[in-house]
Every structure is written in C-alpha cells, then in structure tokens.
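Only one structure is covered here, and it is reproduced in the block below.
The values are calculated or read from the model by the stated rules, or taken from the named source; none is laboratory data. Small disclaimer: the values here were computed from a predicted structure and weren't measured. All Cβ positions, even for glycine, are placed from backbone atoms using ideal geometry, and neighbour counts span all protein chains on display. Accessible surface areas use protein heavy atoms only, side chains included; no ligands, DNA or RNA. Shrake-Rupley method; radii C 1.70, N 1.55, O 1.52, S 1.80 Å.
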Amino acid sequence: MKGKVEAIIGTQWGDEGKGRVVDAVASRVDVVARYQGGANAGHTVMAEGETYIFHLLPSGMLYPGKTCVIGNGVVIDPQQLIDELEELQDKGKDRARLVISESAHVVMPYHKVLDGMEERFRGTGRRIGTTRRGIGPCYMDKVSRRGIRMEDLLEPDVLREKLTFNLEYNNLLLTRIYEESPLSFGEIYDEALAWGERLAPYIGDGSLVIHKALEAGDTVLLEGAQGTLLDIDHGTYPFVTSSNAVGGGGCTGAGIGPVRISRMTGVTKAYCTRVGSGPFPTEAEEEVATRLRDRGGEYGATTGRPRRCGWLDLVALKHAVRVNGLTGIALTKLDVLSGEKDLPVCVAYSHEGRRDEDFRGGYSYLENVKPVFQKLAGWQEDISGCDTWESLPEEARKYITFIEEQTGVPVVFIGVGAKREQMIRRGL
Ligand code: IMP
C-alpha cells in the first residue's frame, strides 16, 4: 500500500492544542480522521481571522478538497454535529468531504441525563468532573451491546426495535436507580429519524474510505481527542474518559492496521493543565496557577471551566512517549512561559522516600507522590514573533533541548502563539 498514516495525539490531560497542530499539517495530508471521544472534545482552530471550535468535526474541515472521517470509535451527538456542519455551511467554509462511520455509536438524550446522574451518585471525592456530554453512558451501551449506531438512524424499523430496547433499559436506570422521570419513546424516535435524514448523505464506511485513500497513495492523519492521561487504560484511572485516546486507539477507532502508522506526534503543552477531578502531581499553587491560566487563556473549550494549571511533568510525558510510541513532540504555548524567572520541570516523583522515574497511573499512588523539580532558567522576552529556532532566546532553546534529552524524542514543532503562523517547524 502506497499511502501513509500519521497520528497527532495528546500527551497530557487534553487541551494541549491538538487542533492547531492538526491545522498546521492538514494542508499536506489528504484525509483527516477522528477515532475516539465525542463532543467532550473542543478543538480550537484559528483561520482567516476567525476562531472555530470543533467538538465533533475533524479539524481538517476548513480545507478544500480534504476528506474528513468521523471514525467508528467516536460517539456522536447528532444534533451537535448538525449544528457544527450548519455553522460551517452558513459561513461557506464546509469545504471538505465528510464521511461519518456507520458503526459509530449515537449519544442519545438519555445518555446526557445519565452522565449527570452518575456524577451526582458518585458524590464529592468520587466525582470525575465529566463534560456531561453523555460520553461514558454511551460507551457503556456500546460495550454492553445494546447501543444505537449511526447506520440504525437510516432504518426506521431497526431504529424502532433498538431504541425500544435501549430506552427500556436506560429508563429503568433513570427511574429505579436515580428516581427521575422516564423519557418518552415517541419524541426521541422522531428526533432520531430526523437526524438520520439530515446526516444520511455523509454516513458510510469510514474504514473503507481510508483504505481506498491509502491504496491511492494518499496520506491519512489520525486526530486524537483528549489525551494520554485521560485514556481509559493508560490514564489516571478512574479520573479518565471512556475511550482509548492513545495512538493505538486510532487503529481500532478508525479501522486501520497498526503497521500502517508511520509517524506519531505527541502534542505537549509547555506546562500542564487539567479540567475535572483527579491527581495532578505538578499542580501549581494558586498564585502561579492563576498567572498561567490568565496568560494561557486556560478555560475549557467545551464547558468554559477554569483549568487547573501546573508545571511540565516529564515523568508523565515519558509515559506518553512509551504507550504511544511517539516519534516526535509538538510543543505548544511556549510563549505563555515568557516572563517566568524560573521554570520548574518535574523529572521524578518522590513516593514513600523512593525516587520514581516511571509513571504509574493508579489513583492511590499518584495522589501520594511529590514532584521532584529541576529548575531551568526562564526568559523575559516576548517570543510570540519568533519564527526560527535561532530567534528563540537561549533559555527557551535550553528548555526544549532538555525535554528532548529527557524523553529521547525530537521536538518537531514549537507553538509561540494562537495564530496559524505563530509556530516554528522542525520537521513536522
Ligand atoms: P467525559 O469524557 O466527559 O466523560 O469526562 C471525563 C474526564 O475527561 C473529565 O475529567 C473531563 O474534564 C475530561 N475531558 C474530556 N474531554 C476532554 C477534553 O477534550 N479536554 C480536556 N479534558 C477532557
């Protein structure tokens, strides 16, 4: 097969700036595919003076002539998808061909209600801080083999049968466990049929479309959502999302054989943020966190929640290098660190008197580690206009070189601002 697959994935807790890195390479690829997650993601892309936030559409949608695939591993809130499509159509920017996998699962209205109920049931301390987009309950139905897939929206009789069964089960949860009112079949059924009608032109076999593109010698880009530390297997369980955000998830979530992937780029913010609950070893005290949050505009693209902020964690980053097989790091938001006197970088965890350099995601372990910081010198200059490696202050170059030495992976892209052109390419 002549074509190549590359992946761009998050190495932290999401919000690393994947959208803009995907946008930076989208012009040289032919197909952009999302493979997991759903409308919990919020990918911000700035183009032609406008800001777009995509929750479900792949970031390649702004490019004429591309094919964008929403893979089978994604869970789709059809109304959200229709709204995003219509916004682009209204602005005359729906320039790509969209293919929605027929086997992607549908987030139903009751999944969103149940997401909130489940959080309430967990209570303080156990609450995950989900985006309440129905992601967990939808994946639960998928794995329990009672879910509704995009293809079902196209067949009224199949939909009737599947929705009856699925709603019966979920209404039992709502009424008997959570003591809420049941949802009515008729309204949801009519709404779901309308979604199917509207989206029918796009629904197809995503894996086959990708396969044919590869046969024709095209390049396929897998666009990850969330990040490695939110991965259901490799993240900080149970404070994670319900899908495989790691690069390997791209194989199952888009229907591609593993050996096809030749490049795996891990997007890493120059510091760390997290939304939602769960351990965060390098979380900064409030004064520093507020500074980073204000400078970096660290508020959730999906929920608007202020993000927790802290320093770069190389123990976690090395874990991301390992479980994704990273071939390159795209370092984003380096400009946000300008003006800091010192830059503490976490090089190990201290746990019960031991120094650990290997990451473990388990909650009880991570809650009890203390970061071991190495302080690097900061820089005072505004770097948002830097467009070459040489034009960066020496301290900024040392910061990047330190990351490369510690991880053994080259930094192939440096983001110095939110605009499309504010970046330095080093091989991406
Ligand atoms: P869920 O994916 O909505 O179930 O949320 C599970 C956890 O993942 C929560 O901590 C969310 O804040 C987090 N999360 C989900 N999607 C994103 C994202 O795109 N960026 C950052 N955090 C996310």
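The table for this structure:
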quantity: Test: residue in the range 106-120 that is basic (Lys, Arg) and under 24 Å from Arg274 (Cα atoms); calculated: yes
quantity: Every residue from the range 276-286 that is touching a strand residue (DSSP E or B) at 6+ places or on another chain (Cβ under 7 Å) and either within 12 Å of the ligand (Cβ to nearest atom) or in contact (Cβ under 8 Å) with a residue 40 or more places away in the chain (or both); calculated: Phe280, Pro281, Thr282
quantity: Cβ-Cβ under 6 Å pairs, at least 6 apart or on other chains, the range 241-255 side within 16 Å of Tyr139 (Cβ to Cβ), far side of a type in the set (A, V, I, L, M) and more than 16 Å from the ligand (Cβ to nearest atom); calculated: Val246/Val323
quantity: Qualifying position, being within 16 Å of Thr241 (Cβ to Cβ) and buried (at least 19 other Cβ atoms within 10 Å of the Cβ), among Pro78, Pro137; calculated: Pro137
quantity: Matching entry among Arg149, Arg127, Arg145 (being within 22 Å of the chain's Cα centre (by Cα), more than 16 Å from the ligand (Cβ to nearest atom) and among the charged types (D, E, K, R)); calculated: Arg149
quantity: Gly310 vs. criteria surrounded by fewer than 16 Cβ atoms within 10 Å (Cβ to Cβ), of a type outside the set (Phe, Trp, Tyr) and farther than 20 Å from Pro410 by Cα; calculated: no
quantity: Residue that is most open to solvent (accessible area, probe 1.4 Å) [pool: residues in the range 287-300 that are within 17 Å of Glu16 (Cβ to Cβ) and either acidic (Asp, Glu) or out of contact with any strand residue (DSSP E or B) (no Cβ under 6 Å at 6 or more places or on another chain) (or both)]; calculated: Arg295
quantity: Any hit, the range 258-269, residues being in a loop (DSSP other than H, G, I, E, B), more than 16 Å from the ligand (Cβ to nearest atom) and charged (D, E, K, R); calculated: no
quantity: Selection status of His111, over 19 Å from the mean Cα position of the chain (by Cα), closer than 15 Å to Arg149 by Cα and open to solvent by less than 60 Å² (accessible area, probe 1.4 Å); calculated: yes
quantity: Given (1) of a type in the set (S, T, N, Q); (2) under 17 Å from the mean Cα position of the chain (by Cα); (3) open to solvent by 20 Å² or more (accessible area, probe 1.4 Å); (4) more than 16 Å from the ligand (Cβ to nearest atom), index of the condition Thr303 fails; calculated: (4)
quantity: Residue in the range 2-22 that is nearest to Cys309 (Cα to Cα), counting only those that are more than 16 Å from the ligand (Cβ to nearest atom) and either open to solvent by 10 Å² or more (accessible area, probe 1.4 Å) or not hydrophobic (A, V, I, L, M, F, W, C) (or both); calculated: Glu6
quantity: Some residue of the range 87-102 being within 20 Å of Gly37 (Cβ to Cβ) and of a type in the set (Lys, Arg); calculated: no
quantity: Count of the range 92-104 residues which are open to solvent by 80 Å² or more (accessible area, probe 1.4 Å) and at pLDDT below 90; calculated: 1
quantity: Test: residue in the range 63-81 that is within 16 Å of the ligand (Cβ to nearest atom), polar (S, T, N, Q) and modelled with pLDDT of 95 or more; calculated: yes
